[in-house]
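Right, one structure below, let's go through it.
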Amino acid sequence: MPDAVKSIWEQNATPRHRIQWCPGCGDFAVLNALKAALTTLELTPSEVLLVGGIGCSGQIRNYLNGNSFYGTHGGALAYALGAKMANPELTVIALAGDGDTLAIGVENFVHISRRDPDITLLIMDNGVYGLTKGQDSPSAGLGKPVGVSVEEHPPMLDPVKLALTCGATFVAQSFSGDPKHTTEMLVEAVRHKGFALVNDFSPCVTYNKFNTYDWFRAHCEPVPASHDPAGEDAAWDLIRDFERRDKLPTGVIYRHPRTKAPAKRLPMSTTELEKVDLEPMLQGLR
Amino acid sequence: MKVNRMKLLVGGVQLRDGVSTITDLFGRILSRAGLQVMGLERGFASTIYGAHQYDPLVITDGPALSWGDEAIDILVGLDYDVNPDVPEQPNRDTILRHGRNLVDGGVLLYDSSTGPVPVEKLEARGVRVFPIPARQIAQRDLKKEVVKNVVMTGALFRLLEFDSDERWLRRLLEERFGRKGPELVNLNLEAARRGRAAVESVLTERGWPGIGYRLTPVPQPAPAVYIAGNEALVIGAIEAGVRFYAGYPITPASSILEFMERHVPRYGGRALQGSNERESIRAALGASAAGAVSMIGTSGPGLSLKVEEFGVSGVTETPLVIVDAMRAGPSTGMPTKSEQGDLFLVTGGGHGEIPRIVLAPSTIEECYSLIHEAVRLAEIYQCPVFFLTDLNLSEGRITVPESLLRAGRPPVKRQVATEDQVREERYLRYRVTDTGISPRLIPGTRGGVSKMNSTEHDEFGFVTTDPAKRVAMMDKRMRKMATYLQRDARPPQVYGTVGKGLVLVGWGSTKPALLEAQQRLKAEGLSVTVVHFTHLWPFPTHLVKPLLVAGERVIVCEHNYMGQLAEIIQAHCLIPTRRVLKYNGRPFYPSEVVRAVHEVARNGATAVRLGGKEPVMVEVSSDA
């Protein structure tokens, strides 16, 4: 990455020495991948809106340049939806964790997959609530066999399968131990015209002692070149096949080129609001 | 003979009997004829089908002060069969419920298709009874049951000696059904004629020359609309510049969403039906953050779910207009009954301290005019602006002259930084200023980035817990409220002379009843000033206190149990208040207010509760 370009994303950002992630956190690699992807996409910070979820992962919005919005736990996708509807020219990226997306924000994950707005969701998936010191998230238990479960610790919820079920049109998975691949996935996700999910395995070195870098290296396996992501059946077959073999697919699992009606940019700041003719609204009231 | 002055009530089984078909036809046709129709009290059932619904209309030829008391001049009962809700009362449910409110010498019209109803008691009071087999005429003679309401409308028009040449009805029918061919228009006109004939035969049989009530069109009526508060509010909001609206189905705010969905795309905007209450407010905040003038609407239960986002709007300083069409709570409460129980929720809801503004319109006209102010204040102060209406305003309808809606108000002026301004010095989303207002940058504007943050932050928008920075930021946000109080707060509306006699205080939809009560008290020789609030929060103590301390006693009238505005007044103005409270789902009737004022003025009541089994319950406390 050329230094001159790299610096664009490092202006207006929390300096690296003040980043509040544990040394070795997978999110560092995600941050680099995100900057590299935005550079590849030739975007400028003012064209981007980063919407952070609550948790360690959501802090990423302040660690690089670009407009950002940070609201409530589980809300990132809904803010992103409204922002994109208001201004389709913005590149809107939601950056959240697995707890934020799959537990408290699962209502948004489900329905925004269905709505298919042209936004990207990057989940930094580590199986725990890191910022509150390591409680289980819905993706906890990844790779552990489900024998007897109890209500307090149910089996894991797979965001990839959930997204497919709910109608997401782009579903990809990556591992932050391979940031080049994460970058590629992000670039493809942002380019996709519709809701794009990148589930990135981003290990929590402090609280998840099971899903470690080594564990992910042993379990992640690229989607085979022969896989046709345009077919939904093929996507499900691929997921089942990897599950049977106790592996995690990385790459584009599903991509459906759904046609979307072009959205209009709402009248905004640059255009002064215009005086309007109320007659059409009065017609039905007489 | 009463001409152009009456209260009419139509009742029947909801959905089945088409109560609002008749009141809608009446409202529209009479508004066109230059009369004033007020349908502010709407008796919906909280189910879709099967329960009793009633819809009173006050018809006048000048603006009516209020919806009046419960007394009705003309009662129309549409029940043709057993009301599933009360099976023991075949086709007389409406009469049993409302007959006692008929004035002596009033008129009763009812659907007699399933037999006569015993009405001796009413007739003994001089009520003229017209059994009209409307459903039978529609079903048997016209082969179309649905026109039974037009039969009834025709009957009513004949009773009131209105539209004898079918001019008004024909024109409305042609506009509605003309495109589908003349058959439908003719069928409906025939139905109306049958209704007329049915009335005619009763008049002849009983030898009555008329009924003592008449409607006469005003010569050369000015154009008017018959409009609900929710519709007026949408028109005002779009005119002010709202281009993004999000809602979730909830009574009585759903019609805002429906009206927005129908109209805002025409003006380049979008309306979103959220998947839940939280998605709708969050999407609206996202849209506002991205630069659209945004609004949401809901009612109490929905607002409770959105409380978390009040703080997001306040701390990220993202403007948002939040309409709360209040209904009776708590929890699911009485979904189709009105109340004013959410004042504490909007002034205090949410953890932490949030800068916010609360406005409340008191009439349908103000739903239109004041929403403009709400949008403007949100744009300037970059915080949640609550707009408190209630079911009576939202779903109630009234005749409004079109000239009021055609004043041609300009949209609000956008308060956003331009690229040049941003480039002058490093852009700080939360720049500390004297007014507390920081320049807002819309993402996408070149030259800077906007770091909008719900975590406590520094001027740029980065997270901080630094004590000094925290204080600076909290003070900056709250300073906006001081700026608001200085520049934009408005005193309550005052009717009467300040400092003379009793002060009757209200807010929201109660104003018409308070003004009518004031007139009646004046006629009795009791001097009363009405002080009615529109700008509720931040509480404009400096503007309010002089009005209240001057009077003898402050009596606050509210539709809630506690007296929420009364509590706020006591806390801010340090003066005692007396309270008149009603929370039975029905609006204040002027006669009740008069009685309650007497209880306070003569008997020293500290609180008067209206509308229970004992219609007036008086509390006297020694420490007041």
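Calculate the mean, over all residues of peptide B:273-282, of how many other protein chain Cβ atoms lie within 10 angstrom of the residue's Cβ. Could the numbers behind the result be given before it?
Details: counts 0, 5, 9, 4, 0, 7, 11, 2, 6, 14.
Counting Cβ atoms of other protein chains within 10 Å of each residue's Cβ and averaging gives 6.
Limiting things to C-alpha atoms, what are the Rg and the maximum Cα-Cα separation (Dmax) for segment B:1-90, in angstroms?
Using the Cα atoms of segment B:1-90, the pair Rg, Dmax is 13.9, 42 Å.
Does anything in segment B:258-293 have its amide N under 16 Å from the 7 Å Cα→Cβ label point of A:Ala261, and if so which residues?
Those under the cut-off are B:260-273.
Run the helix sum for the protein assembly as shown: -39,500 (n - 2.57) per DSSP H stretch of 4+ residues, divided by residue count, reported at 222 nm to the nearest 500 deg cm²/dmol.
Numbers: 29 runs with 320 residues, N = 910.
So the calculated ellipticity at 222 nm is -10500 deg cm²/dmol.
Based only on Cα atoms, what mean projected area does the convex hull of segment A:30-185 have, in nm²?
Working: hull surface 37.0 nm².
Across all orientations, segment A:30-185 yields a mean hull projection of 9.2 nm².
When you take every Cα atom in the protein assembly as shown, what is the radius of gyration, and what is Dmax, the widest Cα pair distance, in Å?
When restricted to the Cα atoms of the protein assembly as shown, Rg and Dmax are 31.6, 101 Å.
Evaluate E = 1/(1 + (r/R0)^6) for A:Arg18 and B:Asp85, where r is the Cβ-Cβ distance and R0 equals 56 Å; express this FRET efficiency to the nearest 0.05.
Details: r = 67 Å, r/R0 = 1.19.
My answer for the efficiency is 0.25.
If I model a spin label as a point 7 Å beyond the Cα along the Cα-Cβ vector, how far apart are those points for B:Asn603 and B:Met478 in nm?
4.4
Per 5 Å bin, what is the whole-percent P(r) computed from every C-alpha pair distance within segment B:2-221?
1, 7, 15, 20, 22, 18, 11, 4, 1, 0
Please state the equivalent ellipsoid semi-axes for chain A: what are the square roots of 5 times the Cα gyration tensor eigenvalues, largest first, in whole Å?
Values: eigenvalues 209, 108, 73 Å².
Three semi-axes, in Å: 32, 23, 19.
By DSSP, what percent of the beta bridges with both residues in chain B are antiparallel, rounded to the nearest 5? Walk me through the numbers on the way to the answer.
Working: 32 of 88 bridges.
Counting only bridges with both partners in chain B, antiparallel ones make up about 35 percent.
If you average the C-alpha positions of segment B:549-624 and of segment B:1-75 separately, how far apart do those two centres end up, in angstrom?
That distance is 29 Å.
For the pairs A:Lys35/B:Lys469; B:Lys480/B:Lys500; B:Lys511/B:Lys582; B:Lys7/B:Lys143; B:Lys7/B:Lys148, note any where the Cα-Cα span goes beyond 24 Å.
Details: A:Lys35/B:Lys469 29 Å; B:Lys480/B:Lys500 35 Å; B:Lys511/B:Lys582 14 Å; B:Lys7/B:Lys143 32 Å; B:Lys7/B:Lys148 22 Å.
Listed pairs above 24 Å: A:Lys35/B:Lys469; B:Lys480/B:Lys500; B:Lys7/B:Lys143.
Give me the lysines in straight-line cross-link reach of A:Lys264: C-alpha distance below 18 Å, same-chain residues under 8 apart excluded.
Cross-link targets: A:Lys84, A:Lys193.
Tilt of helix B:300-316 relative to the longest C-alpha principal axis of chain B, in degrees (0 to 90, nearest 10)?
20
Once fully extended, how much extra length lies between B:Arg176 and B:His351, figured as 0.36 nm per residue of separation less the alpha-carbon to alpha-carbon distance?
Numbers: separation 175, 0.36 × 175 = 63.00 nm, distance 5.09 nm.
So the chain would gain 57.9 nm between B:Arg176 and B:His351.
Over all residues in A:59-67, what is the mean tally of Cβ atoms on other chains that come within 10 Å of each residue's Cβ? Don't skip to the end; give the middle numbers.
Details: counts 2, 0, 4, 8, 0, 0, 2, 4, 14.
Whole-number average of other-chain Cβ neighbours for A:59-67 is 4.
Given R₀ = 56 Å, what would the calculated FRET efficiency be for B:Thr216 paired with A:Arg191, taking r from the Cβ atoms and rounding to 0.05?
On the way: r = 70 Å, r/R0 = 1.24.
So, using R0 = 56 Å, E works out to roughly 0.20.
If you stretched the chain out fully between B:Val620 and B:Arg167, how much longer would it get, using 0.36 nm times the residue separation minus the C-alpha to C-alpha distance? Spell out each step's value before the answer.
Working: separation 453, 0.36 × 453 = 163.08 nm, distance 5.82 nm.
Roughly 157.3 nm would be gained on extension.
What's the center-to-center distance, using Cα atoms, between segment A:17-70 and segment B:354-408 in Å?
Spelled out, the Cα-based centre of one part sits 40 Å from the other.
Across 10 Å bins from the origin, how do the percents of Cα pairs in segment B:226-405 run, short distances first?
Pairs per bin, as whole percents: 11, 43, 38, 7, 0.
Considering only the protein assembly as shown, what is the antiparallel percent among its DSSP beta bridges, to the nearest 5?
Working: 39 of 127 bridges.
Looking only at bridges with both residues in the protein assembly as shown, the antiparallel portion is about 30 percent.
Using R₀ = 22 Å, calculate the FRET efficiency as 1/(1 + (r/R₀)^6) where r is the Cβ-Cβ separation of A:Val205 and A:Lys180; round to 0.05.
Working: r = 21 Å, r/R0 = 0.94.
Given R0 = 22 Å and the Cβ-Cβ separation, E is 0.60.
How many angstrom lie between the C-alpha centres of segment B:282-318 and segment B:226-260?
16
Calculate how many DSSP beta bridges within segment B:2-221 are antiparallel, expressed in % of all such bridges and rounded to the nearest 5.
Just about 45 percent of them are antiparallel.
Order these peptides, B:107-118, B:379-390, B:168-179, by their mean beta-carbon neighbour count within 10 angstrom, highest first. All intermediate terms of the calculation are to be shown ahead of the outcome.
Details: B:107-118: 19.8, B:379-390: 26.6, B:168-179: 15.4.
My ranking of the peptides, most packed first, is B:379-390, B:107-118, B:168-179.
Taking 0.36 nm per intervening residue step and subtracting the Cα-Cα distance, what contour gain separates B:Val416 from B:Lys545 on full extension? Numbers along the way, then the final one.
Details: separation 129, 0.36 × 129 = 46.44 nm, distance 3.55 nm.
The span from B:Val416 to B:Lys545 would gain 42.9 nm if fully extended.
Pick out, in residue order, every one of the trypsin sites (Lys or Arg not before Pro) in segment A:179-245 that is DSSP loop and has at most 15 other C-beta atoms within 10 Å; say none if there are none.
Passing sites in segment A:179-245 are A:Lys193, A:Lys209, A:Arg245.
Quick one: longest stretch of chain A between exposed loop GluC sites (Glu not before Pro), exposed meaning at most 16 other C-beta atoms within 10 Å and loop per DSSP? List each step's numbers first, then the result.
Working: sites that count: A:Glu42, A:Glu89, A:Glu151, A:Glu152, A:Glu272, A:Glu274.
The answer is A:153-271.
Mind checking which aspartates and glutamates have their C-alpha under 18 Å from B:Lys476, skipping anything on the same chain fewer than 8 residues away?
B:Lys476 reaches B:Glu317, B:Glu353, B:Glu379, B:Asp434, B:Glu456, B:Asp458, B:Glu459, B:Asp466, B:Asp488.
Please give every one of the lysines within straight-line cross-link reach of A:Lys144, meaning a C-alpha to C-alpha distance under 26 Å, and leave out same-chain neighbours fewer than 8 residues apart.
Here the lysines satisfying the reach criterion relative to A:Lys144 are A:Lys133, A:Lys161, A:Lys209, A:Lys247.
Per residue of B:314-321, what is the mean number of Cβ atoms on other protein chains within 10 angstrom of that residue's Cβ? Can you show the working numbers first?
Values: counts 0, 2, 4, 0, 3, 0, 0, 0.
The mean count of partner-chain Cβ atoms within 10 Å per residue comes to 1.
With chain A treated as a Gaussian network of Cα nodes joined by springs under 10 Å, which of A:Val276, A:Val51, A:Val187 yields the largest mean-square fluctuation?
A:Val276
In whole Å, what are the Cα extents of chain B along the three principal axes, biggest one first?
The Cα atoms of chain B stretch 88, 65, 47 Å along the principal axes, largest first.
Each value in this text was obtained by applying a stated rule to the coordinates, not by laboratory testing. Just so you know, these numbers come straight off a predicted model, no measurement behind them. Note: ideal-geometry Cβ built from the backbone for every residue, glycine included; neighbour counts use all protein chains shown.
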